[in-house]
1. Of all residues in segment 239-278, count the ones that are of a type in the set (Val, Ile, Thr), in a helix (DSSP H, G or I) and over 20 Å from residue 10 (Cα atoms).
2. Condition first: surrounded by 22 or more Cβ atoms within 10 Å (Cβ to Cβ), touching a Ser or Thr at 6+ places or on another chain (Cβ under 6 Å) and without any contact (Cβ under 8 Å) to a residue 60 or more places away in the chain. Now tell me which residues in segment 97-132 satisfy that.
3. Considering 94, 84, which residue is within 20 Å of the chain's Cα centre (by Cα) and in contact (Cβ under 8 Å) with a residue 24 or more places away in the chain?
4. Say we look at segment 194-238 and pick out the residues that are among the small types (Gly, Ala, Ser) and not in a helix (DSSP H, G or I); which of these is least open to solvent (accessible area, probe 1.4 Å)?
5. Take residue 351 and tell me if it is over 23 Å from the mean Cα position of the chain (by Cα) and modelled with pLDDT under 95.
6. How many residues, within segment 134-152, are out of contact with any Phe, Trp or Tyr (no Cβ under 8 Å at 6 or more places or on another chain), outside any helix (DSSP H, G or I) and over 28 Å from residue 220 (Cα atoms)?
7. Among (1) surrounded by fewer than 18 Cβ atoms within 10 Å (Cβ to Cβ); (2) closer than 17 Å to residue 181 by Cα; (3) of a type outside the set (Val, Ile, Thr); (4) more than 24 Å from the chain's Cα centre (by Cα), which single condition is residue 135 missing?
8. When residue 13 is evaluated against the numbered criteria (1) modelled with pLDDT under 95; (2) surrounded by fewer than 21 Cβ atoms within 10 Å (Cβ to Cβ); (3) part of a helix (DSSP H, G or I); (4) under 24 Å from the mean Cα position of the chain (by Cα), which criterion, by number, is the only one it fails?
Amino acid sequence: MSNPLFRLCDIYNKEKISLEHYDLEKLLGQVIINRMAGVAYSNLAFVQDKVPKEFREALQAIYLHNMHKSGIFKEQVRYLSSLLAEGTFKYALLKGAFLSTALYEEGKRTSNDVDILINNEDISLCQKILLDNGFVQGFYSGEKGIIPATRREIVRSRMNYGETVPFSKMIGNELLEVDINFSVDFKPSPDNAIVRDLVGNSIEIICGDVKIRTLNEADFIIHLCCHLYKEATTFNWVERKKDLLLYKFCDINLWLHQYGNNGYFADLASRIKYFNVEKECYYTFENVSVIYPSLKEIEGFGRFMERISPDNLDFMKRIIFPMEKKMYTYNMSFVEWFLCEDRVSNLKEIPYEESAV
């Protein structure tokens, strides 16, 4: 039987969940830290044991707050999309801009900002639209409002992170923060060919009265997988305890339940091989299926995993520290690793392999 955290945070759970003999204070903290309170609250109807009033009310408060934020976020995406429609460049909204707006039921997922993927040569055009409409390139700081970024911060972000310093704007009492991305986390290409490919194949989706331009159905999940893989296997993220957050695994689970079938998996496998990201995607899908076993029941998933499986799976338990040129491994199952409270102390250094990075 899977861990109570995973059961409670399974958007497709339809079975009774037992929390008997489980530390509910610890569980509540895990749910909140993993940004899964909305899903967990919806699943309380399946809990067969009586949960304390405080446990239920804490999740309910976050769920209701998420409902409020979801409505605001949809308005922000609508507003931003209308601004970007004025431009002549191609772009795609990433991650939460589509997931929170179009796939998740209100209250089950929130997003703190909007990520835009564009070609490098179009950055200035996109920036001009935002600046002309009252955005400030800088950081929000509570009572101080939005503090403009320094020239040093702007240059450093573009040079090192493949994205701009956020563009921020207060709309009423709500902050809208926009990140412009001009590179991706996988397979760098000097001529920006991958970004050009992704943006060039973007699609427009109508969700209610919100028009969203985003990555196509294969590229979107490939981007999610590569993003998750990078954070899950990079030492800096492990050290900050930001490497494994359950909402990212829930995103993948939701996506594949929505779109997965034999035809989709065949096209997805071809696209994964085209980008040469079998390792990143296999890592993600395999571990998502460990947390959410119903993923394995989707038509075509097993055959799909065979097609993208690398010959050597040593990378599945490797953590990379690129700046220090160090490599580590751990000796426990993925579930144990996910639930481990001190992952850094359980790492064992192994010889660094440049080819494995």
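The values are calculated or read from the model by the stated rules, or taken from the named source; none is laboratory data. Note that the structure is predicted; figures quoted are calculated from it, not measured. FYI the Cβ positions are ideal-geometry reconstructions off the backbone, even for glycines, and counts take in every protein chain you see. Accessible surface is based on the protein model in full, side chains and every heavy atom, while ligands, DNA and RNA are left aside. Shrake-Rupley method; radii C 1.70, N 1.55, O 1.52, S 1.80 Å.
1. As a first pass, look at segment 239-278 and keep what is of a type in the set (Val, Ile, Thr): 252, 272, 277.
When the remaining residues are screened for being in a helix (DSSP H, G or I), the result is 252, 272.
Next, only the ones that are over 20 Å from residue 10 (Cα atoms) stay: 272.
Of the residues in that region, 1 qualify.
2. 100
3. Values: 84 fails: within 20 Å of the chain's Cα centre (by Cα).
Matching residue, one of 94, 84: 94.
4. Taking segment 194-238 first, the residues among the small types (Gly, Ala, Ser) are 200, 202, 208, 218, 232.
Going one step further and asking which of them are not in a helix (DSSP H, G or I), we end up with 202, 208.
Details: 202: 18, 208: 73 Å².
Selected residue: 202.
5. Numbers: over 23 Å from the mean Cα position of the chain (by Cα): yes; modelled with pLDDT under 95: yes.
Against the criterion (over 23 Å from the mean Cα position of the chain (by Cα) and modelled with pLDDT under 95), residue 351 qualifies.
6. Step one: list which residues in segment 134-152 are out of contact with any Phe, Trp or Tyr (no Cβ under 8 Å at 6 or more places or on another chain), which gives 134, 138-145, 148, 150-152.
Those left that are additionally outside any helix (DSSP H, G or I): 134, 138-141, 145, 148, 150.
Add one more test, that the residue is over 28 Å from residue 220 (Cα atoms), and what stays is 134, 140-141, 145, 148, 150.
Of the residues in segment 134-152, 6 are out of contact with any Phe, Trp or Tyr (no Cβ under 8 Å at 6 or more places or on another chain), outside any helix (DSSP H, G or I) and over 28 Å from residue 220 (Cα atoms).
7. Status for residue 135: all satisfied but (1).
8. (3)
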